[in-house]
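Note sheet for the following structure.
Each value in this text was obtained by applying a stated rule to the coordinates, not by laboratory testing. Every value quoted in this text rests on a predicted model; they were computed, and no experiment measured them. Counting neighbours? That spans all protein chains shown, and the Cβs are built from the backbone with ideal geometry, glycine included.
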Amino acid sequence: MRNAKLLGIGHHVPPRIVTNRDLMAVMDTTDEWIQQRTGICERHYSEGWTGAADMGAIAARQALAHAQLTVEQIDCVIFATLSPDVDMPASACLLQDRLGIGGIPAFDVRNQCSGFLYGLAVADKFVKTGLYDHVLLVGAEVHSTGLDLTTRGREVSVIFGDGAGAVVLGPEADSQRGILSTHLHADGQFAEKLWLECPSSRERPRLTEDMIAGPDARTFPKMEGRYVFRHAVTRFPEVIREALDANGLTPEDISLFIPHQANLRISQAVAMSLGLPEERVFNNIQRYGNTTAASIPIALHEALDEGRVRSGDLVCLGAFGAGFTWAAALIRW
């Protein structure tokens, strides 16, 4: 069986930069408070009539150019997002329209912070089995239009930013190169620890004024931060060691670890648990915040541009997020 490898990669973030000091103007917070808890200094917000598919299309075109492929050579589109452009249809279908590649399969993956790695696992299997030769995988988010930018929502709202990342996967004949393995987990008993409750199909009606503007507004994301942190710093290293064990490798073999950019403190704790020095961990959350499904491909693209990923390197990707879900992937570049 052939392996799958990343043929091309691209990313896009909107030009508007929102600093911690900008947030201080609309909520009771400080630059020091945000940086101490998250490591974030700034994030990007989209403007105007911009959806996840719009940014995803920009990233996808970059990835295609990097792969030296045309849109007509794509066999399948997978779109990871927690902020779809509309409730239906899938943002993958909207992305198809923007790229002009109708007729091929396209679907969304809704696994939030682990969404890109869940999508990568599916794309990997499609290529490995020979079902498709070229799969476009996009992670894109527009968080800024769904945040409670007041003091009430500050613990969550200061974390998130907008952005998109994309990769094109194709076949690799060498079984020792490309995506070596992917590992996925979930535990739904913790769903309410990090969730967005409404609008909801189980509510009648799905959306009311109280859900939006009441003292207990339910249309903004909610998180029990300390609880999520404890689970993240446990599950992250667990799934990474699982991936390493499956391939007869150890943390010492990792050339570069690229975690989902959830919180700089989580990434630092996971790196310490694995014994990875700072120079073998890539973080860019300081400049982008948490872009959820987009964070890993954005970070991977920047790592490549900076020369921190070279041929033969072992790259480890890891994620943890709402669901709870957690995942890891090992790639031999």
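Which order do the peptides 111-121, 308-318 come out in when sorted by mean C-beta neighbours inside 10 angstrom, highest first? Please list the in-between numbers first.
Details: 111-121: 27.8, 308-318: 17.8.
Packing proxy ranking, top to bottom: 111-121, 308-318.
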Enumerate the amide H contacts of VAL109 below 5 Å, restricted to partners 5 or more residues apart or on another chain; note that Pro and chain-start residues carry no placed amide H.
-> PHE79, ALA80, THR81
In terms of Cα to Cα distance under 26 Å, which lysines are near enough to LYS193, apart from those fewer than 8 places away along the same chain?
-> LYS222
Starting from the Cα of LYS128, draw a straight line to each of the aspartates and glutamates and keep only those under 18 Å, dropping any in the same chain fewer than 8 residues away.
-> ASP75, GLU172, ASP174
Tell me, what does the Kirkwood hydrodynamic radius of segment 3-172 come to in angstroms if you use every pair of distinct C-alpha atoms?
-> 16.7
By average Cβ neighbour count within 10 Å, what is the ranking of 62-71, 218-227, 151-160 from highest down?
-> 151-160, 62-71, 218-227
Under the Karplus relation 6.51 cos²θ - 1.76 cosθ + 1.60, θ = phi - 60°, what is the ordered set of whole-Hz ³J(HN,Hα) values for segment 108-118, x standing for Gly and Pro?
-> 9, 10, 10, 10, 6, 4, 9, x, 5, 6, 5
Of ALA67, SER83, GLN96, whose Cα points farthest to the positive end of the dipole of segment 39-116 (charges on the beta-carbon: +1 Lys, Arg; -1 Asp, Glu; origin at the Cα centre)?
-> ALA67
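What percent antiparallel are the DSSP beta bridges of the chain, to the nearest 5? Can you show the working numbers first?
Working: 38 of 53 bridges.
If I count the DSSP bridges inside the chain, around 70 percent turn out antiparallel.
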Rounded to the nearest 5, what % of the DSSP beta bridges within segment 3-172 are antiparallel ones?
-> 70
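So what's the projected area for the chain, the Cα convex hull averaged over all directions, in nm²? Could the numbers behind the result be given before it?
Details: hull surface 65.6 nm².
Mean orientational projected area (the chain, Cα hull): 16.4 nm².
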Magnitude of the Cβ-charge dipole (Lys and Arg +1, Asp and Glu -1) of segment 202-285 about the Cα centre, nearest 20 debye, reported as 380
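By per-residue mean of other Cβ atoms within 10 Å, what is the highest-first order of 127-133, 275-281?
Details: 127-133: 16.0, 275-281: 13.3.
Ranking the peptides 127-133, 275-281 by packing returns 127-133, 275-281.
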Which far-off residues, 5 or more places away or on another chain, put their amide H under 5 Å from the one on LEU180, with H placed in the peptide plane?
-> LEU330, ILE331, ARG332
Quotient of C-alpha Rg and 2.2 N^0.38 Å, computed over segment 232-333 | 0.97
